[in-house]
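The values are calculated or read from the model by the stated rules, or taken from the named source; none is laboratory data. Bear in mind that the values here come from a model prediction, so they are computed numbers and not experimental data. Using ideal geometry, Cβ is built from the backbone for each residue, glycine included, and neighbour counts are taken over all protein chains shown.
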Amino acid sequence: MKKNIGLVILALVMTSSFNLQAQYSRTDSTYKRWFVGTSLFVLVGNLAPTDNPPDFFQLNIGYRLTGRDVITVEPKTWKYAWPNGIHPFLNNAYEKPEEKFPGYVREYGLSLSYQRFFWKGLYAELNVMPTLQDFVNDQGNKIDGGFQVFNTYRAGYHIKLFKDRFFFQPSIAITHRAYHTRLPDGFKQLDDKWSKFILGEPGLHVGFNF
């Protein structure tokens, strides 16, 4: 699964590199202010054959305050069976049986993000997401609930497609579990072994302007 996602991202970046365009100018009043989108990982992650399906859903609803300032609301849900502190692409401990939770975590989040564009399509983003957590054991029974604040600090590039009807945004991020309630036994011991930060997590948002 990790190789499939990496190949898709590389192909999209290479095929679109010829069409890089600047972000909206400060004085431009003709750009489309609203957009909807998602993460490409929703499509690739849910369709790729794997023993660890994320059952991932994400919808981005965004509004451009100006040509350089953007806010987005993002309802999300997904599940995972390995600690969030393990990098899913760069750390071989991810998906190793000895690091697996005794079950999985299902999260329901609503994030608010702010993007600031600095030069052409280059932007920085702060994304803050409170989530509710369900801890489920190997028998499929919920054993506990929790709460988490999950922050993402992102840098990326906005690429316009098809006369600005569509766009995609390859990016790189630092994720940060800023706060979470106590995990149940079995989950906590594994989670405590890993950092609250992940450096270099890739992202690829796609969207439709209107």
**Item:** Hits in segment 110-128 - residues which are surrounded by fewer than 19 Cβ atoms within 10 Å (Cβ to Cβ) and either of a type in the set (Val, Ile, Thr) or in contact with a Phe, Trp or Tyr (Cβ under 9 Å, 6 or more places away or on another chain) (or both)
**Value:** Arg116, Lys120, Gly121, Leu122, Ala124, Leu126, Val128
**Request:** Tell me which residues, restricted to segment 129-144, are surrounded by fewer than 18 Cβ atoms within 10 Å (Cβ to Cβ) and either closer than 16 Å to Lys188 by Cα or among the hydroxyl-bearing types (Ser, Thr, Tyr) (or both).
**Result:** Asp134, Asn137, Asp138, Lys142, Ile143, Asp144
**Prompt:** With respect to the numbered conditions (1) outside any strand (DSSP E or B); (2) within 19 Å of Gly203 (Cα to Cα), which one is the sole condition not fulfilled by Asn92?
**Reply:** (2)
**Prompt:** What tally of residues in segment 95-109 results from selecting those that are buried (at least 17 other Cβ atoms within 10 Å of the Cβ) and either of a type in the set (Val, Ile, Thr) or under 24 Å from Gly37 (Cα atoms) (or both)?
**Reply:** 4
**Complete:** Conditions (1) polar (S, T, N, Q); (2) free of Cβ contacts under 8 Å to residues at least 40 places away in the same chain; (3) assigned to a strand (DSSP E or B) -> Gln115 fails only (2)
**Complete set of residues in segment 107-157 that are touching a Leu at 6+ places or on another chain (Cβ under 9 Å), modelled with pLDDT of 95 or more and of a type in the set (Lys, Arg)** = Arg116, Arg154
**segment 145-181, subset closer than 14 Å to Gly207 by Cα and loosely packed, with under 14 Cβ neighbours inside 10 Å, residue farthest from the chain's Cα centre (by Cα)** = Lys163
